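Written out below as C-alpha cells is the structure these notes cover.
The values are calculated or read from the model by the stated rules, or taken from the named source; none is laboratory data. Since the model is a prediction, treat every value here as computed from it, not as a measurement. Using ideal geometry, Cβ is built from the backbone for each residue, glycine included, and neighbour counts are taken over all protein chains shown. Ligands, DNA and RNA are stripped out before the accessible areas are found, and what is left, the full protein with its side chains, is counted by its heavy atoms. Shrake-Rupley method; radii C 1.70, N 1.55, O 1.52, S 1.80 Å.
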Amino acid sequence: MQSIVLSFSPLLSLRKLHTSLSPSTAKPNRILTFSSSSFPCQRSSPSSFKLAPSPPLLHAGPTSVPEGSAAEFSGGNRLLNILELGSLFAFWILFNIYFNIYNKQVLKVYHFPLTVSTIQFAMGTLLVAFMWGFNLYKRPRLSGAQLAAIWPLALVHTLGNLFTNVSLGMVAVSFTHTIKAMEPFFSVLLSAMFLGENPTAWVVGSLVPVVGGVALASATEASFNWAGFWSAMASNLTNQSRNVLSKKLMVNTEESMDNITLFSIITVMSFLISAPLTLLIEGVKFTPTYLQSSGLNVNEVCIRSLLAALCYHAYQQVAYMILQNVSPVTLSVGNCVKRVVVIVSSVIFFRTPVSPINALGTAIALAGVFLYSRARRLKSKTI
C-alpha cells in the first residue's frame, strides 16, 4: 500500500507517485503566504461600521489594588498586553507562511483557482458557524441596511482572493507578493478619485520606490508571465476598492459592529457568492474520482487544500484581533515586515531562483512600502 508522506518539502509532488517514498527522503519541515492578501493586512479598518469599544475584561475598583502598588499593577498589565500583541503578530505571520506554502503546492498541480477560493471560504464559513453556534462569539443581528452595505465588500473580497490565487498558480509566491507591495499605490489613487483625499508630498514620494522596485523586479523575474502579473495587480485593485467602499458605505451608529463580526459576515457572504460561480464556471472538479483521473495524489491534495483554507481564515481572523488593539497605520508597518518574511521564506522553501537585480527590485519596493507607512503615520499625527 502506498505510504502517505506529509512534509513541507518542495520536492514532494502532489501528483500520484508510482513508487513509495521512504521517510528518509522527506526534507525537514520548513515553516519560514492571510490574505490573501490578505483581508485587513496593510489596510485600514473598514470604516463603514464604527468600531464599538470593548469593555475591559477586568475592572479594578478603588480598593482592588493595595495602596502604593498602582504603578506596578499598571506596568504588569502593560507587559502582558505587549506579550499578547507580540504573540498575535507572530501567529499572523506564521499562518501567512503556512497559507502561501500549502496554497502554492496545491495550485501548481490543481489549476482551478475558483474552486480553491470556494474551499477557503467554505472552511471559514464552517468556523464562523461553529463560533456562533457554541456562543464563542456573539452572533450578530443584521438589519437590511447592514446587509446592503456589506454585500459590495463581500464581492470585492471574493474577487481579491480569487485574483490572488490565480496569480499564485502562475508565478512564484515571492513575485506575487512583490507585486502586491503596490497596494499603497492603488490605495492613494482610489482614495483621491472617490474620497477626495489628497495625499501629502511625503506619501507621493514614498510611492516612487514602490512602483520602481516592482518594475525592476518584474523585468528580471524568472517566472514572469502577464496573466500572473495582471492577476496580482487586479488583486491590489479589488482589495483597495474594498477599503474605499467601506468608507463610502456608512451605516448608522446604532447599527455598529466590531471588526471580527464584520469579517465573519463577509466570509459567509463570500462563500455564498463563490459557490454558485464555481459550479457554473469550473463545475465539480474537487472529487476523488476527478483527482485520481488527473493523476493527482488525492490525500495530499485534499489535506493541503484544507490546511491552506484553515490558515487563510486563521491569519485573517488574527489580523482583525490585532486591529482591535492597534491603529491601522501600525498594522500596515507590521504587514510590511510580514511581507518581507513571506517573500524570504518562500524563496528558501521553494528554492526560487533570484537574480541580484531581482532581489534589489524587491528590496526597493518593500522599502518604499515601509516609507509609505511612516508617511501615513506623519499624516495622522498632523491631523
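Some points to look at:
- VAL208 - accessible surface, heavy atoms, 1.4 Å probe, Å² rounded to 10: 100
- Solvent exposure of the stretch 70-199 as accessible area per residue, Å², 1.4 Å probe: 46
- Estimated FRET transfer efficiency (THR330, ALA201; beta-carbon r; R0 35 Å; 0.05): 0.95
- Accessible area of THR287 in the full protein assembly, 1.4 Å probe (Å², nearest 10): 40
- Per-residue 3J(HN,Hα) values for the stretch 302-313, derived from phi via the Karplus relation 6.51 cos²θ - 1.76 cosθ + 1.60 with θ = phi - 60°, read 5, 5, 6, 5, 5, 5, 4, 5, 5, 5, 4, 5 Hz in sequence order (x marks Gly and Pro).
- Dipole moment magnitude, nearest 20 debye, the stretch 96-227 about Cα centre, only Lys, Arg, Asp, Glu C-beta charged: 460
- Rounded to the nearest 10 Å², the accessible area of SER264 at probe 1.4 Å: 0
- Computed about its Cα centre, the charge dipole of the stretch 167-296 is approximately 220 debye, with only Lys, Arg, Asp and Glu carrying charge at their Cβ.
- Working note: Karplus 6.51/-1.76/1.60 with θ = phi - 60° gives the stretch 332-338 the couplings 5, 5, x, 5, 5, 5, 4 Hz, where Gly and Pro are set to x.
- Given R0 = 45 Å, the distance between the Cβ atoms of LEU378 and SER143 translates into a calculated FRET efficiency of 0.70.
- Per residue, the solvent-accessible area of the stretch 224-383 (1.4 Å probe, heavy atoms of protein chains only, all protein chains present) comes to 43 Å².
- Ranking by accessible area, most exposed first, for MET321, MET233 with a 1.4 Å probe: MET321, MET233
- Whole-Hz ³J(HN,Hα) from phi, Karplus 6.51 cos²θ - 1.76 cosθ + 1.60, for the stretch 226-243, glycine and proline x: 5, 4, x, 5, 5, 5, 5, 5, 5, 4, 4, 5, 5, 5, 6, 4, 4, 5
- Length released on extending from LEU280 to ASN225, taking residue separation times 0.36 nm less the Cα-Cα span: 17.1 nm
- Ranking of GLU282, GLU300, GLU84 by solvent-accessible surface, largest first: GLU84, GLU282, GLU300 (1.4 Å probe, protein heavy atoms only, all chains present).
- For LEU296, the residues whose amide H sits under 5 Å from its own are LYS16, ignoring neighbours fewer than 5 places away on the same chain, with H placed 1.01 Å from N.
- For the stretch 97-144 versus the stretch 168-218, the gap between their alpha-carbon centres in whole angstrom: 27
- Extension gain (nm, one decimal) between VAL341 and GLU84, 0.36 nm per residue minus Cα-Cα: 90.5 nm
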